[in-house]
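Notes for the one structure printed next.
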Amino acid sequence: MKFFINNPKHIIQEAIQVSLLQNPLRKIKSEEINVVLRSDWKKKKVALISGGGSGHEPAHIGFVGKGMLTAAVCGDVFASPSVDAVLAAIIATTGEAGCLLIIKNYTGDRLNFGLAAEQAKALGYQVETVIVGDDIALGTLGQRRGLAGTVLVHKIAGYYAEKGKSLAEIKKIVEKALSNLFTIGLSLTSCQKFDTEHLERLAEDQVELGLGIHGEPGVMTIPYAKAETLIQEAVSLLKPYLLENTSYALLLNNLGTVTSLELSVVLHELLKEDNLKKQVSHLMGPHAFMTALNMKGISITLIKLSKQIKKALKAPVAINQWQGIQKIQEASYLKAPKLPLIIQSTPTNHPQHAALVADISALLISLEKELNKIDELVGDGDAGTTFATIGRQLESYKEQLPYADVQALLATVGRITARDAGGSSGVLLSILFTKAAEAYEGDTSLGTALQAGLQQMMAYGGAQEGARTMIDALSPAFKALAESKSLSEVAAAARKGAENTKNITKTTSGRSSYLNEDTLRNVVDPGAEIIARIFENIAERSAQ
């Protein structure tokens with residue numbers, strides 16, 4: 001796998017440097033100690049220190065600022081920072097009000113932060129610790145790991161520290177919150193460190209449930225399924241912790257590389273779940289709060305919303321990575337506006353025209369896979385599907401078309417391609433047929449009307465003949481029609497135009513303008529190809 005990195009040993013320092021340039025932060029000047037703290041800190045209130053291994057960005061540096069953390073201590077990727085680094089953070093930030101260490105429940109963090117706390121106490125500093133263990137993967141067995149719920153602890157403690165609460169008061173509030181904080185992780189892949197060869201432990205049909213944030217295996221492996229099923233599995237582990245008649249906030253965390261669209265699907269499924277639908281009143285995310293490098297997974301965190309906790313979570317802070325908390329609203333809808341009818345003419349019969357439309361529809365549908373394969377070479381692989389969709393829609397409306405009225409037929413085809421085909425090709429063809437219908441009113445030459453439609457299509461689309469598009473086949477074919485050439489000559493003109501696209505490797509418009517010469521060379525444009533096939537089919541049918 002490829003990464004945007006230089007030397008893996010320098011990646012932490014480089015990431016910290018960027019944070020210093022973008023935020024009101026400063027770093028303890030040391031190559032061995034990676035501690036980032038607030039640049040406005042005066043040591044007058046309780047200091048809040050968190051941290052751990054790197055690779056969880058934006059945690060923990062991303063949450064340093066007024067109203068959240070005072071300092072973050074950064075270890076190497078997935079490795080706890082040293083005792084000296086934690087001690088340096090305590091000494092640099094702690095005044096008479098004392099310091100609270102927020103520690104995720106991993107052995108390295110507990111030991112190193114704990115020993116640093118004891119050394120600081122011996123030096124006369126007032127230091128307390130809280131251990132975050134929000135992971136419920138193991139139920140009541142074993143030690144619960146600290147996961148994305150840690151970020152909520154940063155926010156809650158940060159709010160009350162900023163309000164001037166004492167160290168003892170803040171610790172009490174946090175510990176109460178921790179008793180009602182639950183997280184479960186779900187991932188489609190493991191994550192990969194920058195300096196090791198990656199061996200993916202999950203097969204394509206496997207998903208891990210109940211995993212941590214350091215690449216460790218999940219508590220169980222479950223079959224890959226649609227999002228609804230996977231979310232039901234995850235929520236089933238959270239449900240036993242929900243108290244009846246109690247309001248919760250939900251934090252949806254991106255563990256690394258889940259797309260925004262997928263996160264929306266996940267959230268949609270979460271909010272459909274009966275228990276969550278009834279009891280979750282507020283939402284945080286979806287957002288990357290605490291990641292695991294490039295893991296394609298999510299974690300779901302629930303926290304009980306007391307008045308004390310809600311006030312802390314809702315308080316605004318000028319920290320970019322904290323995106324706030326929002327109340328879940330009822331979905332609101334506007335009555336759909338009345339769109340023009342696709343069929344605006346009375347169906348009429350014309351056997352030749354009906355047969356022509358039927359033949360073209362069947363051809364478009366039959367060529368779907370072939371055209372998609374061509375399009376995969378020079379595009380996004382869906383040209384065949386777009387044209388096949390047009391074919392299916394024409395077929396679905398075949399009993400309602402005004403075959404005997406050419407002008408009405410052109411206009412109707414224009415509405416069908418606009419409304420149902422999708423993609424730029426459908427819209428462009430709609431423009432063509434709509435303008436051709438308008439032009440046909442004053443000139444009964446079909447070729448001339450289609451040329452007018454083509455001019456309008458080119459005006460909106462921006463491409464001209466020679467840009468490796470379907471225009472390269474349409475233009476010569478329509479010209480031949482306007483000149484009253486035979487159908488075989490029209491088909492030959494369209495084929496010649498399509499074949500010419502194989503030699504066009506430089507364009508300034510159309511989608512081919514984004515591709516290099518080697519990609520385009522000797523590959524026919526799929527749009528031009530389908531146009532040539534249509535005219536060849538028409539010519540062949542007429543000759544029978």
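No value in this document is a laboratory result; all are computed from the given coordinates. Because the structure is predicted, anything quoted here is derived from the model rather than measured. Don't worry about glycine lacking a Cβ; one is built from the backbone with ideal geometry, like all the others, and counts go over all protein chains shown.
For segment 351-543, the number of Lys pairs with C-alpha atoms closer than 25 Å, counting only pairs eight or more positions apart or on separate chains, is 14. In plain terms, the residue of Trp41, Trp322 with the fewest other Cβ atoms within 10 Å comes first and the most crowded comes last, giving Trp41, Trp322. In degrees between 0 and 90, to the nearest 10, how far off the longest principal axis of the chain does helix 83-93 point, with axes built from Cα atoms? The helix 83-93 is inclined about 80 degrees to the chain.
Among the listed pairs Lys176/Lys272; Lys104/Lys155; Lys45/Lys304, those whose Cα-Cα separation exceeds 19 Å are Lys176/Lys272; Lys45/Lys304.
Suppose every Lys and Arg Cβ carries +1 and every Asp and Glu Cβ carries -1, with no other charges. What dipole size does segment 351-543 come out with about its Cα centre, to the nearest 20 debye?
140 debye
With respect to the chain, whose longest principal axis is taken over its alpha-carbon atoms, helix 149-162 is tilted by about 60°.
Among the listed pairs Lys239/Lys311; Lys66/Lys163; Lys172/Lys239; Lys172/Lys307, those whose Cα-Cα separation exceeds 18 Å are Lys239/Lys311; Lys172/Lys239. For Thr189, the residues 5 or more places off, or on other chains, whose built amide H falls under 5 Å of its own are Lys296. A straight Cα-to-Cα reach below 18 Å connects Lys43 with the aspartates and glutamates Glu96, Glu128, Glu162, Glu169, residues fewer than 8 places away in its own chain not being considered.
Residues whose amide H lies under 5 Å from that of Leu250, counting only those 5 or more places away or on a different chain, are His282, Leu283, Met284; hydrogens are built 1.01 Å from N in the peptide plane. Among rounded, prolate and oblate, which fits the chain when a ≥ b ≥ c are the square roots of the eigenvalues of its C-alpha gyration tensor, a/c under 1.5 means rounded, and a/b larger than b/c means prolate? Verdict is prolate for the chain. Between the residues Val77, Asn349, Gly527, the greatest Cα displacement towards the positive end of the dipole of the chain, with unit charges on the Cβ of Lys, Arg, Asp and Glu, is found for Val77. Can you return the aspartates and glutamates within cross-link range of Lys277? Criterion is Cα-Cα under 19 Å, with same-chain partners fewer than 8 residues away left out. Output for Lys277: Glu228, Glu233, Glu244, Glu269, Glu330.
As a length-normalised measure over Cα pairs under 8 Å and 6 or more apart, the relative contact order of the chain settles at 9 percent. Look at the Cα gyration tensor of segment 455-507: its axes a ≥ b ≥ c give a/c of at least 1.5 with a/b at or below b/c, and that counts as oblate.
About its Cα centre, the dipole of the chain is roughly 2720 debye, where the only charges are +1 on Lys and Arg Cβ and -1 on Asp and Glu Cβ.
When both bridge partners sit in the chain, DSSP labels roughly 55% of those beta bridges antiparallel.
Quick check on the exposure proxy: order Tyr333, Tyr397, Tyr159, Tyr224 from fewest to most C-beta atoms within 10 angstrom.
Fewest-to-most Cβ neighbours within 10 Å comes out as Tyr333, Tyr224, Tyr397, Tyr159.
Amide H to amide H, with H built 1.01 Å from N, Ala288 comes under 5 Å of Asn254, counting only residues 5 or more places away or on other chains. Relative to the longest principal axis of the Cα atoms of the chain, the long axis of helix 446-461 lies at roughly 20 degrees.
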